[in-house]
Structures are given as structure tokens and as C-alpha cells.
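Everything on this sheet refers to the single structure shown next.
What follows is calculated from the coordinates using simple rules that are stated; it is not laboratory data. These numbers come from a predicted model, not from an experiment. Quick reminder, even Gly has a Cβ in these numbers, built from the backbone with ideal geometry, and neighbours come from all protein chains shown.
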């Protein structure tokens, strides 16, 4: 098939790579001038274990399978990463019940390397940590997300695929059994393809509404949840990632590490109605309060605003977190079309597994 993948983020690149390696002719249309300039460039760069999500959900299945595929890919392609492990910590009885549920969910999801620790056992691993109990996830890690995307791009191009930059898809129309796609930019054009994959992240819903014959009622709401990050001055206080019990809309303000050894905190959850990426310094005090629940020794003046990302959620505050939405021909009845909505965390971890499912749906 001739396939157009829309969006050169980590999921779009993974889908394009999988399709090209199956022998399809693949073009990626990316509206910016480079890869990974949207959601993929503004995350925690964490390889997740897969213990937070309901059993048999897309998020659980693709996170666990995707993590295994991702570690193997990193090894074979020389992508910098480290399996540093993670502690999910509780600081009171309510949080203790939450993390016990996370541990049980992880076991049900087939997550390897999980242990339940007492507060003393967790503090023995991380002396700066204060908690009543913790779940240790040995399979959690960190990754250089841009190096990952470069490796995916390399595989795509080695298999004959290509990326068209500054190519904004404006509308998609049915053409017999295929699709005509209008592409804007400096040199507007229209191309005919057999199949389209919408992996446009924050733009997926708007793009779906321009797709002829795709029922508008199938397009889910887009809810923007901004995640702010703060850097931390001084040497890292932890050797593992530290996560509190989850909060509404996210996994809590946690400690992440990058491959250079820098420690940062976030993301929090800030519900917004438009794309805005500036970190509000007034959120600093809330960060101090959240972090000091498990690291009382956080020094005054240590936090500095860093960066922010936006999660393309399908549900809002107070609502149950939605699963990934993968809408393919079997669901909507249009051959050669896969729409991806709500691919937020753990989208990076899941990318290779999601790509195989998208390719399977188009090959069916």
C-alpha cells in the first residue's frame, strides 16, 4: 500500500517504521521542520513499567509489551537509556491503600520486577526518602527520547520511507477505496494514498474532523492537561525515580532523572483551555509542598522553573482516565484509515507495540 502517516512524533515515527518494514510505501507528513517537536519533545523520558492501568486496556497491554520491545530496540540501536528503577511511595494511610492497589494491578498486568517495601526498606535504598511504604518497580527506566526518534527515523528511511517537513495536512477525502490528502505549506499539493494513519497528537481531533465520511460523533473531546516541570539545583538526592501516589489526571509530582544525572520534578496537572507552555513561577510553592511530603530535606530555593508539556487527554478533571483510542476500519467501516486519539502517557513506552497494532489493522 501507499500509506501516509500524519505526525512525526514518537508514535507516528514508530507506525511509519513498522509499515515500511512490512513493505509498504510510506510518507510521513509533519507540519513542523523536524521530528518530535510536539508532545514527544516535552515528556519525562521515562520507560514505564505498566502497573497503573486497568487490565486488558490498551494502555496496560501496550505499555508492558512496548516496554519489552523498547529495551530490546535501545540495545540493538544504541539508544541511550538506563534501567534505574522506580519507587512509588506512600506517606499516609490513604496513599498506602493506593499503592497497594497499584502493586496488585501491576501483578495482574504481568509487570515483572515488582516488590512491596516497608518504609524502612525503601529508606534503606534511598536514604533521603521519607515514606510509610513503597512499591519498587525494577523495570522502570529513562531514555533519550530524541535519540529514540532519530533511530526510528533511520529505520524508516532504510526501509524506503520518507518524511515531508513543513507539510500540514488540511483535509482528507475519500477516493474510491483510497484517500486524497490535501497538504499545505510552501508548495501545496494533493496526494492519493491507499491508507492514512492519524498520529497528530494534539491535532488529531481537528484532523479527524476534516476527514470526509468519518462520522463527526466518533471524534472524542480533546482535554488539555498541562504538566509543569521544575529543575532542582544541586546534586541529585536519589538514584531511582520517586513517584508519589497518583492524583487526579496524573501520576503525581515525581522525581525524574535524566541520563546526564540531572534531577527534576514534575509534571503536575494544570487543566487549561489553550496551548501554553510557559511555567508559572507561582506554582513553585505547590511543588515544594508536594515534594516535601516524601523528601522533607528539599532545601529552600532549590527549585527553578524548567519546561512544560501538554497531555492530549480525552477526559477532564474528576472523570475516570480514558484509555488510548485506536479507531480503525473494523470500528468505523472505512478501509485504510486509523485514527489515534488520547495517546498520552505511557505513549512513548508503548510506541513500538502501538505501531504493530496499527500496522496489523491496516494489513487485516
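May I ask you to derive the FRET efficiency for residue 112 and residue 187 from their Cβ-Cβ distance with R0 = 51 Å, giving the value to the nearest 0.05?
So, using R0 = 51 Å, E works out to roughly 0.55.
Take the alpha-carbon positions of the range 1-124, form their convex hull, and give its projected area averaged over all directions (one quarter of the hull surface) in nm².
Average projection, Cα convex hull of the range 1-124: 10.2 nm².
Viscosity 0.890 mPa s, temperature 25 °C: what is the translational diffusion coefficient of the range 211-364 from Stokes-Einstein with a Kirkwood Rh over Cα pairs, rounded to a whole number of µm²/s?
Answer from the Stokes-Einstein relation: 139 µm²/s.
How tilted is helix 93-108 with respect to the longest principal axis of the chain? Cα atoms for both, answer in degrees (0 to 90, nearest 10).
Taking the Cα atoms of the chain, the angle to 93-108 is about 50 degrees.
Using Cα-Cα distances under 8 Å and only pairs 6 or more residues apart, what relative contact order does the chain have, in percent?
Once divided by the residue count of the chain, the mean separation gives 24 percent.
How far apart, in nm, are two points set 7 Å out from the Cα along the Cα-to-Cβ line at residue 274 and at residue 166?
Roughly 2.7 nm, to one decimal.
Return 189, 91, 256 ranked ascending by Cβ neighbour count within 10 Å, so the fewest neighbours appear first.
The most exposed by this proxy come first: 189, 91, 256.
What is the gain in length, in nm to one decimal, between residue 260 and residue 25 on full extension, counting 0.36 nm per residue of separation less the C-alpha to C-alpha distance?
Gain on extension, residue 260 to residue 25, equals 80.8 nm.
Over all Cα pairs of the range 90-170, how is the pair count split among 10 Å bins, expressed in % and running from 0 up to the last occupied bin?
15, 28, 19, 16, 18, 4
Please list 34-41, 159-166 highest first by mean number of surrounding beta-carbon atoms within 10 Å per residue.
Sorting 34-41, 159-166 by mean packing, highest first, produces 34-41, 159-166.
Separation between the residue 315 and residue 300 pseudo-spin-labels, each 7 Å from Cα along Cα→Cβ, expressed in nm?
Taking the two extended label points, one gets 4.2 nm.
Kirkwood Rh, Cα Rg: Rg to Rh for the range 1-57?
Ratio of gyration radius to Kirkwood radius for the range 1-57: 1.08.
Volume per residue, Å³, of the convex hull around the alpha-carbon atoms of the range 265-313?
Spread over its residues, the Cα hull of the range 265-313 gives 85 Å³ apiece.
If packing is taken as the average count of other Cβ atoms within 10 Å, what order do 353-359, 97-103, 233-239 fall into, highest mean first?
353-359, 97-103, 233-239
What whole number of Å gives the distance from the Cα centroid of the range 12-35 to the Cα centroid of the range 42-76?
21 Å
Starting from the Cα-Cα distance between residue 218 and residue 174, subtract it from 0.36 nm times their residue separation and give me the gain in nm to one decimal.
14.1 nm
Considering every Cα-Cα pair within the range 112-235, what fraction, in whole percent, is farther apart than 23 Å?
Counting every Cα pair in the range 112-235, those more than 23 Å apart make up 62 percent.
Return, for the Cα atoms of the chain, the radius of gyration and Dmax in Å, separated by a comma.
Gyration radius and largest Cα-Cα distance of the chain: 20.7, 66 Å.
Using alpha carbons only, how many angstrom separate the centre of the range 151-201 from the centre of the range 312-342?
When both Cα centres are located, 20 Å separates them.
Rounded to the nearest 5, what % of the DSSP beta bridges within the chain are antiparallel ones?
Beta bridges within the chain, antiparallel portion: roughly 70 percent.
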